[in-house]
Amino acid sequence: MDKVLARGSGSPTARYRPRAALLSAAVGAALVAATVAVATSASAGTTLGAAAAEQGRYFGTAVAANKLSDATYVGILNREFNMVTPENEMKWDATEPSQGQFTYTNADRIVAHAQANGMRVRGHALAWHQQQPGWAQNLSGSALRQAMVNHITQVATHYKGKIYAWDVVNEAFDDGSGGRRDSNLQRTGNDWIEVAFRTARAADPGAKLCYNDYNTDNWNWAKTQGVYNLVKDFKARGVPIDCVGLQSHFNSGSPYPSNYRTTLQNFAALGVDVQITELDIEGSGSAQATTYANVVKDCLAVSRCTGITVWGIRDSDSWRASGTPLLFDGNGNKKAAYTAALDALNAGGTTPPTTTPPTTTPPTTTPPTTTPPTTTAPPSTPPPTGGGCTASLTTNQWPGGFVTTVRVTAGAGALNGWTVTLTVPSGSAVTNTWSAQASGASGAVTFRNVAYNGQVGAGGSTEFGFQGTGTAPSGTPTCAAG
């Protein structure tokens, strides 16, 4: 998310043995049947999910747990979509805020809602250089590698059998050169992506395993070629990979390319599914509608393009709200882009393969954990010398939005609850919070601990995060114990 910053995935931007294969196919068929049944009950062809199901595909959306109490939001979600992706709730900072201590409350809520309404779930994302908890940011070398392997194992095992596809690794390539992005994960050794995929396969053999990235839409871009070569290498060597996710965040700086269909076709030709994972298209009126229709038509023209996910429901839910990039306006009304996408789905296209089981055999031994060169971990922030607590901000800002991580550090005494207050600039707003309870959305906003992170030992720390539109808060927040 550096050049044309893509909600990564959360942002601000996922795959047998003979008897196991039969079981996987049977479970997959049951899931498809359930999805088709839901689509039929919704009057096939009159909603996005129903129309996509008629073409053997899905049409999904990103979901924030805190919006499941919004009746308009949930009404559109349940009516229109048959796949959901947790927006931030399955990321590393949300699921393992303290090393070895896992919390799934918000992610479980989204999964439960999906299951109750006949929707499938894309897991997002197991390994990413952004939205890591502070303790992981302070690791390096073999310690970070081991922590990554354990995190993938624990989270994928927790959701085993409930996830259609995992974004195993997210945004690992550099925008300009087409090579690997420099990150703490990359510095653990060049095989880290392979290790992540093998670990995910061992933990959840029935899920599809995807690599997900942004700015990979244009076939002529170096970054697209870099990802293509990674997938080609993995397929040649038997590394488990089942799908490639194109985020497809389109705007004036990164417009829909005329060779988009070529990109989809070329990835599919490697023997992997292609999924459009985080679609949003800035603009309005007929121009926006035409681009949405073109994206749908391109997917339907490629048999292994198995589905489309838009990154949010209403424009007001988007990380790029000022660009009005989604299919419903802020009041939940259908836009021209919605009609264009639905019409394109109903026009039809190619038929996808009837079954797409994982394409590689899971390892029979523990995934490799090659020991990289050891490096010194950066020093941690010293705790306050007195009682109470302090708070510090780390922000990922892009045009129109941001994700902020807040670290709460206890002083000389342990904390039994904490409250952080900060100022969100005028014209900006908090849209989603995890690992804290927020009061307010703009101006002076207060965040309080939730049940699992209120107890912090003397000198220890915990973290929470929030996403918003506009300009991120800056300066030093206030922190109070209790």
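Name the residue, out of VAL450, VAL430, that is part of a strand (DSSP E or B), outside the structural domain of ALA107 (by the TED database) and not polar (S, T, N, Q). Spell out how you get there, then give the answer.
Working: VAL450 fails: part of a strand (DSSP E or B).
Exactly one residue qualifies, and that residue is VAL430.
Got a number for residues in the range 451-478 being open to solvent by 30 Å² or more (accessible area, probe 1.4 Å) and more than 21 Å from ALA321 (Cβ to Cβ)? Walk me through it before giving the result.
Our first condition is that a residue be open to solvent by 30 Å² or more (accessible area, probe 1.4 Å); within the range 451-478, this holds for 451-452, 455, 457-459, 461, 471, 474-476, 478.
Cutting the leftovers down to more than 21 Å from ALA321 (Cβ to Cβ) gives us 451-452, 455, 457-459, 461, 475-476, 478.
Number of matching residues: 10.
I'd like the residue in the range 127-146 that is open to solvent by less than 10 Å² (accessible area, probe 1.4 Å) and under 16 Å from ASP191 (Cβ atoms) and, out of all such residues, is farthest from the chain's Cα centre (by Cα).
GLY141
Quick check on the range 264-298: of everything there that is surrounded by fewer than 18 Cβ atoms within 10 Å (Cβ to Cβ) and hydroxyl-bearing (Ser, Thr, Tyr), which residue is farthest from ASN170 (Cα to Cα)?
SER286
Scan the range 204-223 for residues that are more than 21 Å from GLY307 (Cβ to Cβ) and open to solvent by less than 10 Å² (accessible area, probe 1.4 Å) and jot them down.
Correct list: LYS223 only.
List pairs: first in the range 321-341 and in a loop (DSSP other than H, G, I, E, B), second surrounded by fewer than 23 Cβ atoms within 10 Å (Cβ to Cβ) and among the hydroxyl-bearing types (Ser, Thr, Tyr), Cβ under 7 Å, 6+ apart or cross-chain?
Sorted first by the residue in the range 321-341, then by its partner, the pairs are THR324/SER284; LEU327/TYR338; GLY330/SER316; GLY332/THR72.
Any residue in the range 136-162 that is among the basic types (Lys, Arg) sitting within a Cβ distance under 7 Å of a residue that is part of a helix (DSSP H, G or I) and open to solvent by less than 30 Å² (accessible area, probe 1.4 Å)? List the pairs, counting only those 6 or more apart or interchain.
Qualifying pairs under 7 Å: ARG145/THR188; ARG145/TRP192; LYS160/ALA203; LYS162/VAL111.
Is the range 234-245 home to any residue that is surrounded by fewer than 18 Cβ atoms within 10 Å (Cβ to Cβ) and of a type in the set (Gly, Ala, Ser)?
In the first step, residues of the range 234-245 are kept if they are surrounded by fewer than 18 Cβ atoms within 10 Å (Cβ to Cβ); the result is 235-238.
The next check asks that each one be of a type in the set (Gly, Ala, Ser); those that pass are 236, 238.
Yes, that holds for at least one residue.
The values are calculated or read from the model by the stated rules, or taken from the named source; none is laboratory data. Source: prediction; values computed, not measured. Glycine gets a Cβ as well: all are built from the backbone with ideal geometry, and neighbour counts include every protein chain shown. Protein only, heavy atoms only, side chains kept; ligands, DNA and RNA dropped before computing areas. Shrake-Rupley method; radii C 1.70, N 1.55, O 1.52, S 1.80 Å.
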